[in-house]
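The values are calculated or read from the model by the stated rules, or taken from the named source; none is laboratory data. The model shown is predicted, which means the values in this text are computed figures rather than measured ones. Because the Cβ atoms are built from the backbone with ideal geometry, glycine has one as well, and the counts that use them run over all protein chains shown. To get the accessible areas, we keep the full protein, side chains included, count just its heavy atoms, and leave off ligands, DNA and RNA. Shrake-Rupley method; radii C 1.70, N 1.55, O 1.52, S 1.80 Å.
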Amino acid sequence: MEEKDSGRMVRRRKKYIMWMLFSAVFLWGLYFAEASGVRKARAQELWVSGACAWRGRPEAEKTVEQGLFRAVDVQSLSGQAEGEVRRQYEEYQNGFASIKYRADISACGFQMIEEQIFPVRMRQFGDVSVIPAFDERYNRLALFFAAKDGTIVYKTEELETNHCSRGELRQPTQGISAISLQDVDGDARMDIVLITVCEGADGAYKVGDVLFQDVWGTGFYRDYRISEKINRFGMNKSIELITAFVKDGASTEFLYTAATLDELLENGFRIIMEQYYPRNFEKLGRLQVVPGTFRIADYDVFMVYLVNAEGYIVANLQPMGHFDNLYALKGISCRDIDGDGLKDIIILARYSYATGENQLIVQTDYTVYYQRTAGFSADTQIKEWYPCSEEETMEGLVEKAREYWGWKSEQ
């Protein structure tokens, strides 16, 4: 009897082990099917890391080795449209690759920006000329490095401005706003700080970028993380702002990521006390209106926060837009503008910005934010109907904004 029981237990164990093995194989198969794309991407990343290490670059600075150009997205196209995109991309790529001498630049469809040509010293090649050139067919910018005999010793179009429209050949780049050659990472090699102007649905905007000279002095590379932060956190307005971030470590990032008012103050945010007051907002409760600035590279970056009783930031408003600097805050008003019974916010201020000729311009501007269930929404249309004047007052602006929504004039 004991032998029979022992035999049954052995068979049960075998069945249990086989079932466990089958389950493990099945689950591993699912994982392999779902994660194969991730592993493929990781394998490519490791290959890039190895290529960067071979060229004397740290892994964090990998961007160029994935190919001369990032792939144009043709997955969503089909038939004739896909064929045309591939043809245009290959034509552009082959044209860029064929440029060997300075004279080839114009012959291959690039227009040299003569006023932005500068000399730079590269460790491997000595003094060369940096030649920015613009492809007007697809609004793409490229940098060519020409020796004294006209030979192109290095070239790149791996620039942030060429990736504003991800996965597309045609880009919104309109031209160069500023370019500077200086050592920004302290390695005694000249680097390139570049700002371009692009055209978007909401008007013109700037794109900042930094190209570091590699350890061998044979070329330049980008750290995509640096470029991403420069543009994401508004540090692309001037060469001084970019170098303050890259060279000195100053950053506006905390203005966009802080969770509490204390965190803002600890990082150097200064409250404008004249407009610092509490208000009751119907959907969001009683909040403190906290306008203020953060100074970086001689610029005052202006933000307005709404903070609850516990000190947590409920919303942050960014009224500066494309302007470089807050010149003076004229007022903040919390009143119902659009007639829905909820308090909205109007911010009126004077801002400054520098032109391409380094001329300082001061301009009065305003922003209207409408209270909604989940926060505040900026009005993007009202300025077309009513562009304010330099003598604008808050009382007059509120009257005009309410009139825009059909309110009868109180005057």
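Here are a few things to note about the model shown:
- Rolled with a 1.4 Å probe across the full set of protein chains, the surface gives Trp407 an accessible area near 90 Å².
- Taking all protein chains as shown and a probe of 1.4 angstrom, Arg279 keeps an accessible surface of around 90 Å².
- Hull-based mean projected area of the range 155-228, where the convex hull spans the alpha carbons, in square nanometres: 5.4
- Extent of the range 233-345 along its three principal axes (Cα atoms, max minus min coordinate, largest first): 48, 27, 22 Å.
- Taking Met394, Met190 and ordering them by how much accessible surface each has at a 1.4 Å probe, largest first, produces Met190, Met394.
- Percent accessible area from carbon and sulfur atoms, the range 239-286, protein chains only, probe 1.4 Å: 45
- Largest-first ordering by accessible area, 1.4 Å probe, given options Asp365, Asp135: Asp365, Asp135
- Of the listed residues Ser389, Ser238, the order by accessible area with a 1.4 Å probe, largest first, is Ser389, Ser238.
- Working from label points 7 Å from Cα in the Cα-to-Cβ sense, the Ser98 to Ile271 distance is 6.5 nm.
- Cross-link table Lys283/Lys383; Lys100/Lys148; Lys330/Lys400, entries beyond 19 Å C-alpha to C-alpha: Lys283/Lys383
- Cross-link pairs exceeding 22 Å between alpha carbons, from the set Lys155/Lys229; Lys206/Lys229; Lys229/Lys343: Lys155/Lys229; Lys229/Lys343.
- The range 314-411 - percent of accessible surface contributed by carbon and sulfur, probe 1.4 Å: 47
- Accessible carbon and sulfur surface of the range 141-232 relative to its total accessible area, %, 1.4 Å: 50
- Separation of alpha-carbon centers, the range 372-392 and the range 149-214, rounded to whole Å: 32
- Solvent exposure of Tyr205, expressed as accessible area, is near 90 Å², computed with a probe of 1.4 Å over the protein chains only.
- Under-5 Å amide H pairs with Gly331, H placed in peptide plane, nonlocal only: Leu348
- Between the C-alpha center of the range 111-128 and that of the range 231-283 there is a gap of 36 Å.
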